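Structure first, commentary second.
The values are calculated or read from the model by the stated rules, or taken from the named source; none is laboratory data. Model, not experiment: these values are computed from the prediction. Quick reminder, even Gly has a Cβ in these numbers, built from the backbone with ideal geometry, and neighbours come from all protein chains shown. Accessible surface is based on the protein model in full, side chains and every heavy atom, while ligands, DNA and RNA are left aside. Shrake-Rupley method; radii C 1.70, N 1.55, O 1.52, S 1.80 Å.
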Amino acid sequence: MLKLIRNIETYTPELLGTTDILVAGEHFAHIGEISPKGLPDLEVIDGRGLLAFPGFIDGHVHILGGGGEGGFASRTPELMLSDVILGGVTSLVGCLGTDGFTRTLASLIAKARGLEEEGISTWVFSGSYGVPLVTATGGVESDLLLIDKILGVGEVAVSDHRSSQPTHEELCRLVADTRRGGILSGKAGLVNFHLGDGVRGLAPLRRILEETEIPASQLLPTHINRNPLLLAEGGAYAKAGGLIDLTSSAPPPESGTRQVPAPRALKMLLDEGVPADRVTMTSDGQGSLPEYDAQGRYSGMGVGKVRSLFDAFREAVLDEGIPLVTALLPFTANPARILKLRGKGRIQVGQDADVILVDRETLELHTVIARGRILMSEGELKARGTFEGAILAKPRIQA
Ligand code: ZN
């Protein structure tokens, strides 16, 4: 029941200094010096040489698998729990993608519930690439009002040859309905937009903000680092008050991709004066990534990884030199605030005990705790998905 992390340099994500963190059940019970004397059934973790961060939040993961753009055999596999743990991720938002037909919201919600039973916290977006939207209950508002797991809509594709080429009026209605559903249900009610390589870029989103009363908080465009031009446009959009999301999964450099690596993109945005609280980063995990050989010939399909998110964080600090307190924001406090995930994104008394411990020099993952449960300890997985590994783990079914 009780876990005490002792003498640990703590980032809430603000730097708190070296302290003790007491976890009781699923929550942070005390932060500050504490004597373990008299505390029953106490598990003590020595925090010396480690740093404590809030568990990472990955706001865009194809948990059910995505892809399918190269035919049926290119449909990507479902997400497994170990990939989530290895990414230091303790909360995620699942979404459909290009395929909103053979992949359904019912399956997406079921998969999200499964991951939650396995130990992490999950939500999903209603809809997929296309407009009109696929929904679970027949409408966006009812999805938000009736299904706890649904916190918004996404990823709706714009400025992409794979989009449904939605009109301005269709997009306005979609964003307005999602916002109203969010207001009524107390959720974020935002729309996560997939941005393609099309020359229109963010113009469809800017037009919504210019011509309606809808605030910028309701739009979260992703893949902003997919090419240098879109990144530049995204920087200007964020400086003007918009929110933007970077994608950490990337095709290999030999594929000829124009994607700006997410850590580099984050550094460029900060250098040009984008406020750090307007940027999030997500993995696009289990999304498909086309691969090419040295001659540029298509050689197969890769799969985005949730763990790319943690690699991107380390590179942002170790290679790009972004200070820890700034580099942590796109992975912790920002998504928690933007997606309105209560109890998430901060190490604070009363919040969910989602915390990761990393080596203070290498920033390598050491321990992952999600809702008070240890999923990784000393770099070793302590939990696996139900069907991972040679021996099937018993599903955690509550009595
Ligand atoms: Zn996408």
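Give, rounded to the nearest 20 debye, the magnitude of the charge dipole that the range 55-124 has about its Cα centre when Lys and Arg contribute +1 at Cβ and Asp and Glu contribute -1 at Cβ.
About 140 debye.
Give me the percent of Cα-Cα pairs in the range 322-388 that sit more than 14 Å apart, rounded to a whole number.
Taking all Cα-Cα pairs of the range 322-388, the fraction more than 14 Å apart is 66 percent.
Using +1 on the beta carbon of Lys and Arg, -1 on that of Asp and Glu, and nothing else charged, what's the dipole of the chain about the Cα centre, debye to 20?
The dipole of the chain has a size of about 600 debye.
Give the relative contact order (percent, whole number) for the range 143-214; include only Cα pairs under 8 Å separated by 6+ residues.
41
Non-local amide H neighbours of Val303 (under 5 Å, H modeled in plane, Pro and chain starts lacking H): which ones?
Leu289
In Å², and per residue, what accessible area does the chain have when probed at 1.4 Å with the other protein chains present?
Normalised by residue count, the accessible surface of the chain is 42 Å².
For the range 13-103, what are the per-bin percents of Cα-Cα distances with bins 5 Å wide, up to the bin holding the maximum?
3, 10, 16, 15, 13, 11, 9, 7, 7, 6, 3, 1, 0
Given a 10 angstrom Cα cut-off, can you work out which residue in Leu39, Leu219, Leu289 is the most mobile in a GNM of the chain?
Looking only at Leu39, Leu219, Leu289, the largest GNM fluctuation is found for Leu39.
Could you work out the relative contact order of the range 197-281? I mean the mean sequence separation of Cα pairs under 8 Å and 6+ apart, divided by the number of residues, in percent.
So the answer I get is 31 percent.
Could you list which residues have their amide H under 5 Å from that of Asn225, counting only those 5 or more apart in sequence or on another chain, with H placed in the peptide plane?
Thr247
Please compute the net charge surrounding Leu266, taking Lys and Arg as +1 and Asp and Glu as -1 over other residues with Cβ under 15 Å from its Cβ.
Here the charged neighbours net out to -2.
Starting at the first residue of the range 129-145, write each ³J(HN,Hα) from the Karplus equation 6.51 cos²θ - 1.76 cosθ + 1.60 with θ = phi - 60°, in whole Hz, x for Gly and Pro.
Karplus-based 3J(HN,Hα) across the range 129-145 equals 4, x, 10, x, 6, 7, 10, 8, 10, x, x, 5, 4, 5, 4, 5, 6 Hz.
Using only protein heavy atoms and a 1.4 Å probe, report how much of Arg346 is accessible, in Å² to the nearest 10.
Approximately 70 Å² for this residue.
Starting at the first residue of the range 191-200, write each ³J(HN,Hα) from the Karplus equation 6.51 cos²θ - 1.76 cosθ + 1.60 with θ = phi - 60°, in whole Hz, x for Gly and Pro.
10, 8, 9, 7, 9, x, 8, x, 5, 5
Could you tell me the relative contact order of the chain? Use alpha-carbon pairs under 8 Å, at least six residues apart, and round to a whole percent.
19
Could you list log10 I(q)/I(0) for the chain at q = 0.07, 0.14 Å⁻¹, which the Debye formula gives when each Cα is one point scatterer?
Debye curve over Cα of the chain, log10 I(q)/I(0) at q = 0.07, 0.14 Å⁻¹: -0.30, -1.24.
Please report, as a whole percent, how much of the solvent-accessible surface of the chain comes from carbon and sulfur atoms (probe radius 1.4 Å).
Ligands and nucleic acids excluded, carbon and sulfur give 52 percent.
Report the net charge of residues surrounding Leu50, where surrounding means a beta-carbon distance below 11 angstrom and charges are Lys +1, Arg +1, Asp -1, Glu -1.
Spelling it out: positives minus negatives among the neighbours equals -3.
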